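A.B. asks: Below is one structure. I have some questions about it.
The values are calculated or read from the model by the stated rules, or taken from the named source; none is laboratory data. Bear in mind the structure is a predicted one, so any value in this text is a computation, not a measurement. Every residue, glycine among them, receives a Cβ derived from its backbone with ideal geometry; neighbour counts consider all protein chains shown.
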Amino acid sequence: MNFNFTEEQEQLRRTARDLFSKQATKTVVREMENDPQGYSPALWKRIADLGWLGLPFAAKYGGADGMFLDLAVILEEVGRFIAPVPIFSDIVLGGLPLAQFGSEKQKQEFLPGVAAGKTMLTSAILEPESSWKPEGLALKAKESDGAYRLDGVKVFVDNAHLATHMLVAARTSGRGADGVTVFIVDASAPGVTITPLKPMGLERTSEVAFKNVLVPANRVLGKVGQGWPIVERTLQWAVAGQCVMSVGGAAAVLEMAVEYAKNRVQFGQPIAKFQAIQHHAANLYQDAEMMRLIAYEVAWLVSEGRPCAEEIAMAKVFVSTAYTRMTRTGIQIYGGIGLSKETDPQLYFRRAKAWEPLFGTPDAARVVIGETLSVGA
């Protein structure tokens, strides 16, 4: 059993770490938190020039003929530095679904622009007072003279304010998984209203209202009424991507907590010499290693296109809760000053906590695991 990355993937990792260490410093992260756009256009252009935005796409669309696992290596470093770039929303939530489920014409129209960093995508799935299940999809799409008119509201749409187009899950008929259709919607179309939400974490999410938004029939992704498998696969990519980004963040928290413990002196000696701190550090290390194993397992599974609903659920439960636990412990090692916004652990804690319910809550994932075990059957 070989757990090693290829030399090309290791080179990707080294290049990404070097780039982000210089252009995604914590000073930049804090500046972008207060910036209206929330990302660095210069850094985004550099990433596009390096070809990272096209990693998982075919070469004929401007891509690199890579796999999700190649992208995961970059995402881990994005998570490590909390790099202010919309690569997750653009590529994971938008580009991958379009690349797998789009028509040849749709792929030719959108993917080269995505790979070049000029077209930005995202997905709009969740609705107010609903879950990530198909039963929660109520945004209406009614056929009208060979096109469709969309009416409804989506919430927590990642980087909607930057997107040129959104993949919108709507209901054209039926209930549950039946009758769900995914549309490629121009974010600047008449009737689309984007309202930024105030985040606890560093993400930029918005409420997006659709009022009588006209969408041509050729902007249906996949087939009418058969869009739920697209949404389901998108959520799997999202959880896998979120998990590897959390792995990067966990590694950063472990490093900064250990370094602080070595240098913080109390009662005449570094606090790293105290058993309680050593226990905290040991717990951090264990969580970080276990997060890495399960995160890259699901990254490999989705990269290979294998069924992985149960593994995704287990990864969601463990990684999201472990990341929050780790960041909280990191703050505890820092002591009272760890609660200050001048320190770095709180940046990761806010991200971890904000990520917990996204793309399905840990409790919802536990239900999936329980059903797999036939618990309650």
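A.B. asks: Looking at residue 86, is it at pLDDT below 95 and farther than 21 Å from residue 298 by Cβ? Give the steps one after another, and end with the answer.
C.D. replies: Values: at pLDDT below 95: no; farther than 21 Å from residue 298 by Cβ: yes.
Against the criterion (at pLDDT below 95 and farther than 21 Å from residue 298 by Cβ), residue 86 does not qualify.
A.B. asks: Across the range 247-276, what is the total count of residues that are β-branched (Val, Ile, Thr), in a helix (DSSP H, G or I) and modelled with pLDDT under 95?
C.D. replies: Within the range 247-276, the subset β-branched (Val, Ile, Thr) is 247, 253, 258, 265, 271.
After this cut, where a residue has to be in a helix (DSSP H, G or I) as well, the list is 247, 253, 258, 271.
Now narrow it down to the ones that are modelled with pLDDT under 95: 271.
Of the residues in the range 247-276, 1 are β-branched (Val, Ile, Thr), in a helix (DSSP H, G or I) and modelled with pLDDT under 95.
A.B. asks: Right, another one. Is it fair to say residue 337 is buried (at least 19 other Cβ atoms within 10 Å of the Cβ) and either in contact with a Phe, Trp or Tyr (Cβ under 9 Å, 6 or more places away or on another chain) or not assigned by TED's automatic domain parsing to the domain that holds residue 131 (or both)?
C.D. replies: Details: buried (at least 19 other Cβ atoms within 10 Å of the Cβ): no; either in contact with a Phe, Trp or Tyr (Cβ under 9 Å, 6 or more places away or on another chain) or not assigned by TED's automatic domain parsing to the domain that holds residue 131 (or both): yes.
In short, no.
A.B. asks: Looking only at strands (runs of 3 or more DSSP E) that fall completely inside the range 162-224, which ones have 2 or more residues that are surrounded by fewer than 16 Cβ atoms within 10 Å (Cβ to Cβ)?
C.D. replies: Details: elements: 165-171, 180-186, 192-196, 205-216.
By residue number, 192-196, 205-216.
A.B. asks: Among 11, 37, which is the only one that is assigned to a loop (DSSP other than H, G, I, E, B), polar (S, T, N, Q) and out of contact with any helix residue (DSSP H, G or I) (no Cβ under 9 Å at 6 or more places or on another chain)?
C.D. replies: Going through 11, 37 in turn, the sole match is 37.
A.B. asks: Kindly check whether there is at least one residue in the range 139-159 that is surrounded by fewer than 14 Cβ atoms within 10 Å (Cβ to Cβ), at pLDDT below 95 and out of contact with any helix residue (DSSP H, G or I) (no Cβ under 9 Å at 6 or more places or on another chain).
C.D. replies: Looking through the range 139-159, at least one residue is surrounded by fewer than 14 Cβ atoms within 10 Å (Cβ to Cβ), at pLDDT below 95 and out of contact with any helix residue (DSSP H, G or I) (no Cβ under 9 Å at 6 or more places or on another chain).
A.B. asks: Could you figure out which of (1) under 30 Å from residue 115 (Cα atoms); (2) in contact (Cβ under 8 Å) with a residue 60 or more places away in the chain isn't true of residue 144?
C.D. replies: Here residue 144 clears every test but (1).
Per-residue answers, yes or no, for (1) under 24 Å from residue 197 (Cβ atoms); (2) at pLDDT 95 or above:
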site	(1), (2)
6	no, no
16	no, yes
33	yes, no
38	yes, no
45	no, yes
65	no, yes
71	no, yes
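A.B. asks: Follow-up question, since we're still on this one. Please list, ordered by first then second residue, the pairs with beta carbon atoms under 8 Å, 6 or more apart or interchain, first in the range 127-140 and outside the structural domain of residue 173 (by TED's automatic domain parsing) and more than 9 Å from residue 152 (Cβ to Cβ), second modelled with pLDDT of 90 or more and of a type in the set (A, V, I, L, M).
C.D. replies: No pair meets every condition.
A.B. asks: May I ask you to list the residues in the range 303-332 that are under 13 Å from residue 251 (Cα atoms) and of a type in the set (A, V, I, L, M)?
C.D. replies: 319, 322, 326 - these are the residues of the range 303-332 that are under 13 Å from residue 251 (Cα atoms) and of a type in the set (A, V, I, L, M).
A.B. asks: Name every residue in the range 103-126 that is over 18 Å from the mean Cα position of the chain (by Cα) and either within 18 Å of residue 230 (Cβ to Cβ) or of a type in the set (Phe, Trp, Tyr) (or both), in order of residue number.
C.D. replies: Correct list: 103, 104, 105, 106, 107, 109, 110, 111.
A.B. asks: Another question, if that's okay. Please count how many residues of the range 282-297 are buried (at least 19 other Cβ atoms within 10 Å of the Cβ) and over 19 Å from residue 69 (Cβ atoms).
C.D. replies: In the first step, residues of the range 282-297 are kept if they are buried (at least 19 other Cβ atoms within 10 Å of the Cβ); the result is 284, 287-288, 291-292, 294-296.
Now restrict to residues that are over 19 Å from residue 69 (Cβ atoms): 284, 287-288.
Of the residues in the range 282-297, 3 are buried (at least 19 other Cβ atoms within 10 Å of the Cβ) and over 19 Å from residue 69 (Cβ atoms).
A.B. asks: So, in the range 334-349, how many residues would count as being assigned to a helix (DSSP H, G or I), farther than 19 Å from residue 76 by Cβ and either of a type outside the set (Val, Ile, Thr) or at pLDDT 95 or above (or both)?
C.D. replies: Going through the range 334-349 one residue at a time, the tally reaches 6.
A.B. asks: Answer with yes or no whether residue 60 is surrounded by fewer than 22 Cβ atoms within 10 Å (Cβ to Cβ) and under 30 Å from residue 197 (Cβ atoms).
C.D. replies: no
A.B. asks: Looking only at the range 305-321, decide whether some residue is farther than 29 Å from residue 25 by Cβ, outside the structural domain of residue 127 (by TED's automatic domain parsing), in a helix (DSSP H, G or I) and touching a Cys at 6+ places or on another chain (Cβ under 6 Å).
C.D. replies: Yes, the range 305-321 contains a residue that is farther than 29 Å from residue 25 by Cβ, outside the structural domain of residue 127 (by TED's automatic domain parsing), in a helix (DSSP H, G or I) and touching a Cys at 6+ places or on another chain (Cβ under 6 Å).
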